């Protein structure tokens, strides 16, 4: 029985009809060796951003249900154009959207989670010799409303399909693999042949934009090997898999991620008893809190600092105002989350001290810090990012 291949093409890969034609030709060649192919597509280029911009031209707070309806159309355009291209070349193909496949989701609009996918139509189409094109990034909730999965949701769609179809998953994008750090930020960054799920999950959740963190989590849970490579190219990419399948090298640091999309909020003199309900209300509103720091209680009051996505800043600030006065809220939008990740940290001492020393030597102040067994994350001034990347890469020879 032929193994099903699930491929995903990002927005930059399908940004023009010319690129879509190139993908179609590549798929026809691949079908000769892999007869059963399912393709997940993102919206063309900056379509999703353009849709959001149009909605915000009308109102600063567009209705989230209607925004999901609007944004879901981008993937439908990509899917139909790729199917049209394949058929024009004599290859049988069919496109499906969330309604047609009953991609069941739950959660809030704009950040939904996939619960299940009915793959019966996909299997029937594959048995008929068709290449199946599926819209990524979207699903249906219990009310039958269309929902979207949030940034990078097409990655999650592709992995979920690979799980349901018991296939492998290939993610094609505008980069030729996963590097120690973003080569656009550090030109000498080395490409990784392979990386372990846990390391990639940390890097993805910390700002490495090649893969969506939820897709890595799903792949790890169901042991789906992932391949990340450049669209329509024979350049070798990077495999993401379990440690049992890897040739583990003696390296302490595998990757470095930076993220400029967060802001830090510091609350001065909040009552100790108010901290728990504050974070509960932030969670109820769907705002993701990352780094948290709290001072020791004094007169039943503490100072609390935490980071959130900048896009949620206005919403979160409104919640915080219910607990302290305006003058007790300090917002810092000029931060970069700077993270080092590596399984080798588990058994290597002195990594944190090296990082502190490097930052001190380069006059880089650490505003917040969190750690795990395989990660060190610091919030630093955005203006110090480039100096920090170069200094760390040199120190750890990566």
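Would you check if residue 219 is in a strand (DSSP E or B), at pLDDT 90 or above and crowded, with 21+ Cβ neighbours inside 10 Å?
Against the criterion (in a strand (DSSP E or B), at pLDDT 90 or above and crowded, with 21+ Cβ neighbours inside 10 Å), residue 219 does not qualify.
Given the criterion assigned to a helix (DSSP H, G or I) and over 30 Å from residue 125 (Cα atoms), identify the matching residue among 56, 87.
Among 56, 87, only 56 is assigned to a helix (DSSP H, G or I) and over 30 Å from residue 125 (Cα atoms).
Would you mind stating whether residue 289 is more than 16 Å from residue 264 (Cβ to Cβ) and within 20 Å of the chain's Cα centre (by Cα)?
It is false that residue 289 is more than 16 Å from residue 264 (Cβ to Cβ) and within 20 Å of the chain's Cα centre (by Cα).
Any residue at all in the stretch 309-327 that's within 30 Å of residue 252 (Cα to Cα) and within 25 Å of the chain's Cα centre (by Cα)?
Among the residues of the stretch 309-327, at least one is within 30 Å of residue 252 (Cα to Cα) and within 25 Å of the chain's Cα centre (by Cα), which makes the answer yes.
Taking the stretch 264-297 on its own, how many of its residues are at positive phi and either surrounded by 17 or more Cβ atoms within 10 Å (Cβ to Cβ) or assigned to a loop (DSSP other than H, G, I, E, B) (or both)?
1
Got a number for residues in the stretch 235-255 being assigned to a loop (DSSP other than H, G, I, E, B) and either surrounded by 11 or more Cβ atoms within 10 Å (Cβ to Cβ) or at pLDDT 90 or above (or both)?
Total meeting the criteria: 10.
When the stretch 317-349 is examined, which residues are found to be part of a loop (DSSP other than H, G, I, E, B) and without any contact (Cβ under 8 Å) to a residue 12 or more places away in the chain?
Matches in the stretch 317-349: 321, 325, 349.
Could you count how many residues in the stretch 298-316 are on the phi < 0 side of the Ramachandran plot, surrounded by fewer than 12 Cβ atoms within 10 Å (Cβ to Cβ) and outside any helix (DSSP H, G or I)?
Looking only at that region, the number is 1.
For the stretch 12-53, how many residues meet the condition of being in contact with a helix residue (DSSP H, G or I) (Cβ under 6 Å, 6 or more places away or on another chain) and assigned to a helix (DSSP H, G or I)?
The number of residues fulfilling the criteria is 6.
Go through 81, 27 for me and flag whichever is closer than 25 Å to residue 175 by Cα, more than 20 Å from the chain's Cα centre (by Cα) and surrounded by 22 or more Cβ atoms within 10 Å (Cβ to Cβ).
That would be 27, the only listed residue that is closer than 25 Å to residue 175 by Cα, more than 20 Å from the chain's Cα centre (by Cα) and surrounded by 22 or more Cβ atoms within 10 Å (Cβ to Cβ).
Sort through 34, 72 and tell me the only one that's buried (at least 21 other Cβ atoms within 10 Å of the Cβ), under 22 Å from residue 157 (Cβ atoms) and in contact with a strand residue (DSSP E or B) (Cβ under 9 Å, 6 or more places away or on another chain).
Going through 34, 72 in turn, just one is buried (at least 21 other Cβ atoms within 10 Å of the Cβ), under 22 Å from residue 157 (Cβ atoms) and in contact with a strand residue (DSSP E or B) (Cβ under 9 Å, 6 or more places away or on another chain): 72.
Tally time: how many residues in the stretch 90-115 are under 25 Å from the mean Cα position of the chain (by Cα) and either part of a strand (DSSP E or B) or at positive phi (or both)?
11
Take the residues in the stretch 360-376 that are out of contact with any strand residue (DSSP E or B) (no Cβ under 6 Å at 6 or more places or on another chain) and outside any loop (DSSP other than H, G, I, E, B); name whichever of them is farthest from residue 205 (Cα to Cα).
This residue is 361.
Mind checking which pairs have a first residue in the stretch 380-398 that is without any contact (Cβ under 8 Å) to a residue 40 or more places away in the chain and a second that is outside any helix (DSSP H, G or I), Cβ under 6 Å, 6 or more apart or different chains?
As it stands, the answer is 387/362; 391/362, since those pairs meet every condition given.
Which count do you get for residues in the stretch 91-118 that are touching a residue at least 60 places away in the same chain (Cβ under 8 Å) and within 23 Å of residue 25 (Cβ to Cβ)?
Count: 1.
Can you name the residue in the stretch 329-353 that is buried (at least 16 other Cβ atoms within 10 Å of the Cβ) and more than 24 Å from the chain's Cα centre (by Cα) and is also nearest to residue 253 (Cα to Cα) among such residues?
351
The values are calculated or read from the model by the stated rules, or taken from the named source; none is laboratory data. For clarity, every value in this text was computed on a predicted model and none was experimentally measured. A quick note on method: Cβ atoms are made from the backbone with ideal geometry, for glycine too, and the neighbour counts reach across all protein chains shown.
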